[in-house]
Amino acid sequence: MIQSEIESRLRQAVAQHVDDAEQEKILVRPCSDPKHGDFQSNALMALAKKRGMNPRHLAEKVVDDLRLGDICQSVDIAGPGFLNFEIKSKVIEEALAAALKEKIPFVSPASEPQAIIIDFSSPNVAKPMHVGHIRSTILGDSLARILRMLGHKVITDNHIGDWGTQFGMLILGWKTKLNKAALDSDPISELERIYKEINSDDSLREAARYELVKLQQGDEENLKIWRGMIELSQQQFDRVYGRLDVQFNETLGESFYNPYLEEIVEELCAKNIAGVSEGAIVVRFPDDDQLNDKPAIVRKSDGASNYTTTDLATLRYRVEKWSPNKIIYVTDGRQQLHFQQLFKIFRFWNNQFAGQLQHVWFGSILGPDGKPFKTRSGETVRLDELLDEAEQRAFKAVSEKNPELEESEKRTISKIIGIGALKYSDLSSNRQSDYVFDWDKMLSLQGNTAPYLQYAYTRVRSIFRKTTEPNWDKVVINLDAAEELSLAKHLMSFGHTLEMVAEDNRPNYLCNYLYDLAGRFSRFYESCPVIKAGQAERESRLVLCELTGRVLQRGLDALGIQVTEVM
RNA sequence: GCGCCCGUAGCUCAGUUGGAUAGAGCGCUAGUUUCCGGAACUAGAUGUCGCAGGUUCGAAUCCUGCCGGGCGUACCA
């Protein structure tokens, strides 16, 4: 990568003048404004400031020692100490030629691959998956794809909610209220119905608790019912994940960790990490300004453990099984306090673990009224119904645009467009913002949407249906037009964009990059004829088309979105 | 009360170590098609970046205070 090459040479040059320079802060970025050049570095100003040096003077000395003649046309110092680099077009042309041979163009694998566990989705047994699961599922899957693309070993881990007091009610309902026919036709709705029926009747509370105790004590009948509910739920999960094209390496329920909960609480007490308070066992954080009045319960006063304990057991299991460098939890922002506590307790408890623990949180999905997204009747929106609607709306759009397509082809395309639009609308905004769910916007097929990117891809493919593919090894690349150079330079920063996404766990950087790419391609497409050009120019431009197509396809794939030849 | 997050164009949102003149889409106005998919492209108008201080050569970004909103805050996850 040219960018990282400039960066490493700049670091060397800086080291000759500032021996204690923070190397990792010396960064080279694409220019914010192309008139300044191709790449820029702002690092010297901060570096000089911290040491009371004159930034401009430092820049001059560093540039004197910087050997970039083989890459750069020019290296300029601007304003108070910006460094601006202009790349030789020959170097760009060589980079494109090299990219044609790379498996993933413009991406170099991480120099130190890491083992990273991503915990996301986490649906609950006997409940329908709903909009609340969509952000976690889509974000987590995208992060997994991106980290894998960068060469890391990723373990996707689905932590299923298969345990808790609700199972007392569900088992009681199963035994006394179950409608077999309804269970056969729509098991999840029936499970939801019996749960609600029991839950709304206070007189059944004791009986439900009794069923729960029996389940916890290993009663055969109740265990069988419980396993049946898990099985039915897993079928539902698999259908949804299949439609979303999401896969997990590991799927374990909370119940898997039940055998370890007691020993963990005892160990925490033995190590004086936890203590008794108001009948419960809690961990306190007296040394932490933020948590000193926020104890975490690890055993409730009724003797049962809660999710903090389960999560500790899960953490220990994962650390032992996978020895990860990093564990990422993708959940709603409302769980921030829980994860702060969890990570702190785990550090007290297991001080050998050197990996990172990250809580990657996201905001809520709101309806058009600005309140949490619900159906008109106030129910939570089921995920399968949401996917149905996305596909139906896309089908309508595809049918209007391309009525002559076969029915089955329209179906296939509208799945790609509909699911893609849904995913993209979620991934393209800053994950920490709440976002307003808007069908028309995500499928409006204009602006920063998946269909716009997919459309750009179909235009690339359309060109190749009308011409013969050149021998890529022999094409002489020659970039003259401003639109060609603008497109080519942007293509080159694909890998850097993925790295930034991985750094902050923010796929919206990639969305912005792809949107920018599609725009540059459209401008190139408008002003640079490909098929009608003479052979040399045509083949050179076909390289740009081919690489744009590959980067769009890989980039969308990193978001879990597919492309289509026609739409 | 305490903690976290948010407040950027009429609407929905971006904004990469603090960095160069704050950007998109929608909507609005005016254009572009003998040419590879017009689901496109070009041009134009629109901002006290919630308010007030501070740090800095430089602040939407960092610090302090205030206003407004969302969420969390011991036995749900």
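The values are calculated or read from the model by the stated rules, or taken from the named source; none is laboratory data. All figures in this text were calculated on a predicted structure; none of them were measured in a lab. Here Cβ is always computed from backbone atoms with ideal geometry, including for glycine, and neighbour counts include all displayed protein chains. With ligands, DNA and RNA removed, areas are computed over all heavy atoms of the protein, side chains included. Shrake-Rupley method; radii C 1.70, N 1.55, O 1.52, S 1.80 Å.
Computed over protein heavy atoms with a 1.4 Å probe, the carbon and sulfur contribution to the accessible area of the stretch A:412-567 reaches 44%.
Size of the dipole of the stretch A:383-558 about the Cα centre, Lys and Arg at +1 and Asp and Glu at -1 on the beta carbon, nothing else charged, in debye to 20? Walk me through the numbers before you get to the answer.
Details: 23 positive and 28 negative charges, 113 e Å.
Computed about the Cα centre, the dipole is about 540 debye.
In chain A, what is the volume of the convex hull around the alpha carbon atoms, normalised per residue and reported in Å³? Write down the numbers at each step before the final one.
Values: hull volume 108.7 nm³, N = 567.
Looking at chain A, the number lands at 192 Å³ per residue.
For the stretch A:91-141, just list the percent of Cα-Cα distances falling in each 5 Å bin from zero outward, please. Taking every Cα pair in the stretch A:91-141, the percentages come to 4, 15, 13, 12, 11, 11, 10, 11, 8, 4, 2, 0.
Assuming charge only on the beta carbon of Lys and Arg (+1) and of Asp and Glu (-1), the dipole of the stretch A:237-303 about its Cα centre is about 180 debye to the nearest 20. For A:Cys269, the accessible surface of its heavy atoms amounts to roughly 50 Å² (probe 1.4 Å, protein chains only, rounded to the nearest 10).
Computed from backbone phi, the HN-Hα couplings of the stretch A:548-559 come to 4, x, 5, 5, 4, 5, 5, x, 5, 4, 5, 9 Hz, rounded to whole numbers (Karplus: 6.51 cos²θ - 1.76 cosθ + 1.60, θ = phi - 60°; Gly and Pro given as x). A helix-only calculation puts chain A at -17000 deg cm²/dmol for mean residue ellipticity at 222 nm, using -39500 (n - 2.57) for each DSSP H run of at least four residues, averaged over all residues.
Taking a ≥ b ≥ c as the square roots of the Cα gyration tensor eigenvalues, the stretch A:17-176 comes out prolate, since a/c reaches at least 1.5 and a/b is larger than b/c.
Which shape class, rounded, prolate or oblate, goes with the stretch A:383-558 when its Cα gyration tensor gives a ≥ b ≥ c as root eigenvalues, a/c under 1.5 marks rounded, and past that a/b bigger than b/c marks prolate? It is oblate, given that a/c is not under 1.5 and a/b is not larger than b/c. For A:Ile117, what charge total do you get from the other residues with a beta carbon under 11 Å from its beta carbon, if Lys and Arg give +1 and Asp and Glu give -1? Residues close to A:Ile117 contribute a combined charge of +1.
Heavy-atom accessible surface of A:Lys489, to the nearest 10 Å², is about 70 Å², with a 1.4 Å probe and all protein chains retained.
Solvent-accessible area per residue in chain A equals 47 Å², computed with a 1.4 angstrom probe and all protein chains kept. Computing Rg and the Kirkwood Rh from the Cα coordinates of the stretch A:2-87 gives a ratio, Rg/Rh, of 0.92. At the residue level, A:Trp472 shows approximately 40 square angstrom of accessible surface with a 1.4 angstrom probe and all protein chains present.
Starting from 0.36 nm per residue, how many nanometres of slack lie between A:Asp302 and A:Ser111 once their C-alpha separation is accounted for? Mind showing how you got there, number by number?
On the way: separation 191, 0.36 × 191 = 68.76 nm, distance 5.06 nm.
The span from A:Asp302 to A:Ser111 would gain 63.7 nm if fully extended.
Counting alpha carbon pairs within less than 8 Å and at least 6 residues apart, what relative contact order, in whole percent, applies to chain A?
Details: 829 pairs, mean separation 84.5, N = 567.
This gives 15 percent for chain A.
Placing unit charges on the Cβ atoms only, positive for Lys and Arg and negative for Asp and Glu, gives chain A a dipole magnitude near 680 debye about its Cα centre.
Computed from the Cβ-Cβ distance with R0 of 45 Å, the FRET efficiency linking A:Ala78 to A:Ser399 stands at 0.25.
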